[in-house]
């Protein structure tokens, strides 16, 4: 099944830093959706109807969110409601941004990946609301295990 394939491709590599895992995950997600645009669009658009596509979509998003939160927690990010909501909102942002980019590719794939990556860091910094603590976590996110 396509969703299982996507989740398998997005699984974080424990040898990479959380930042590298994130970047790799975004690159993989963009490549996958670009390669399967009609299928992914159908899953997203029909997921609100409460059918199997909805369950599939929520499962993929939930899995991706859990992986991201696990990496952040390992880097010292406190798991507050603001952080978990920011991750959830960012996943929706990334998905919609990629789908919009497919319709109107006005930037390169590299620029799109960079935009999505910067967006999650901005959201997380805002969710934390402590610039000094964010800098420490940002440094930890860059460290390999």
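The values are calculated or read from the model by the stated rules, or taken from the named source; none is laboratory data. As the structure is a computational prediction, the values presented were derived from the model and not from experiment. Quick reminder, even Gly has a Cβ in these numbers, built from the backbone with ideal geometry, and neighbours come from all protein chains shown.
None of 90, 67 is in contact (Cβ under 8 Å) with a residue 24 or more places away in the chain, under 23 Å from residue 8 (Cβ atoms), surrounded by 15 or more Cβ atoms within 10 Å (Cβ to Cβ) and out of contact with any helix residue (DSSP H, G or I) (no Cβ under 7 Å at 6 or more places or on another chain) except 67. If you go through the stretch 125-138 and keep only what is over 16 Å from residue 21 (Cβ atoms) and in a helix (DSSP H, G or I), you end up with 125, 126, 127, 128, 131, 132, 133, 134, 135, 136. Based on what the data block shows, is residue 8 surrounded by 15 or more Cβ atoms within 10 Å (Cβ to Cβ) and either closer than 23 Å to residue 73 by Cβ or in contact with a helix residue (DSSP H, G or I) (Cβ under 9 Å, 6 or more places away or on another chain) (or both)? It is false that residue 8 is surrounded by 15 or more Cβ atoms within 10 Å (Cβ to Cβ) and either closer than 23 Å to residue 73 by Cβ or in contact with a helix residue (DSSP H, G or I) (Cβ under 9 Å, 6 or more places away or on another chain) (or both).
One residue alone among 44, 110, 87 is under 24 Å from residue 127 (Cα atoms) and part of a helix (DSSP H, G or I), and that residue is 87. Those residues that are closer than 28 Å to residue 72 by Cα, surrounded by fewer than 16 Cβ atoms within 10 Å (Cβ to Cβ) and at pLDDT 80 or above, I need them from the stretch 29-54; list them, please. 31, 34, listed by residue number. Within the stretch 21-39, the only residue that satisfies the criterion of being out of contact with any helix residue (DSSP H, G or I) (no Cβ under 8 Å at 6 or more places or on another chain) and within 22 Å of residue 141 (Cα to Cα) is 24. Evaluated against (1) without any contact (Cβ under 8 Å) to a residue 60 or more places away in the chain; (2) part of a helix (DSSP H, G or I); (3) over 21 Å from residue 126 (Cβ atoms), residue 102 falls short on exactly one condition, (1). Reported count of residues in the stretch 16-26, each being more than 18 Å from residue 87 (Cβ to Cβ) and assigned to a helix (DSSP H, G or I), is 0.
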